[in-house]
Structures are given as structure tokens and as C-alpha cells.
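Structure first, commentary second.
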Amino acid sequence: MINRRPESDQPVRSIDLTAVIGGRGTLYLCPDVAAVDQHIVRLYRQIEDIGLWLPELGQQNWADIDLLLERRMFLALDLQVSDAA
């Protein structure tokens, strides 16, 4: 059986459950906390390197970091629940 999104007839792909889509449409694969942390570090380094020269890119990167932090919190909570069971 294929799961379907409630708002459409499109099947839910497994990537939909492990990915975060940034503000510019950037796809961040986030199957676990370590992967999320790697994306956050990379974005933070970009902010340090070019944030002063391209402030709008820095703002977009901060917005993506916020989305990734939400995913990280969800994954960490899921790990806590799994460990408690």
C-alpha cells in the first residue's frame, strides 16, 4: 500500500519524511541528528565567510538554520521517546 498525502493524490516518498526544504528550495537530507548538524555547520561557515559581503544570503542561511534546528529538535525528541520505550 502506498501512503498518500492528505492534500493531494501524490504518493508520499520516503525522502519527504527525511528532508528539509530551505527557503531557496535547497534540499537538506536529514535522516538523523548528525546529518542535521553537518548542514548547520556548513551554513554557519557560509555565513562567516560571505555574510558580510552578501547580507541577504546570510539572512537566508539563518532562516534555513532555523528550519534545520526544528528538524533536529524533532529527531532528538524521537530518540528520547525511543530510548524510553
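Using only Cα atoms, what is the ratio of the radius of gyration of the range 18-77 to 2.2 N^0.38 Å?
Values: Rg = 11.3 Å, N = 60, 2.2 N^0.38 = 10.4 Å.
In units of the 2.2 N^0.38 Å rule of thumb, it is 1.08.
Label sites at ARG45 and ALA63, each approximated as a point 7 angstrom past Cα along Cα to Cβ, lie 2.4 nm apart.
Summing +1 for each Lys or Arg and -1 for each Asp or Glu, what net charge is found among the other residues whose Cβ lies under 14 Å from the Cβ of GLY51? Spell out each step's value before the answer.
On the way: positive: ARG42, ARG45; negative: GLU48, ASP49, GLU56, ASP64.
Taking every Cβ under 14 Å from that of GLY51, the sum is -2.
Between PHE74 and THR26, the simple spin-label model (points 7 angstrom out along Cα→Cβ) gives 1.9 nm.
Just so you know, all these numbers are worked out from the coordinates, no wet-lab data involved. Source: prediction; values computed, not measured. Neighbour counts run over all protein chains shown; Cβ positions are idealised from the backbone, glycine included.
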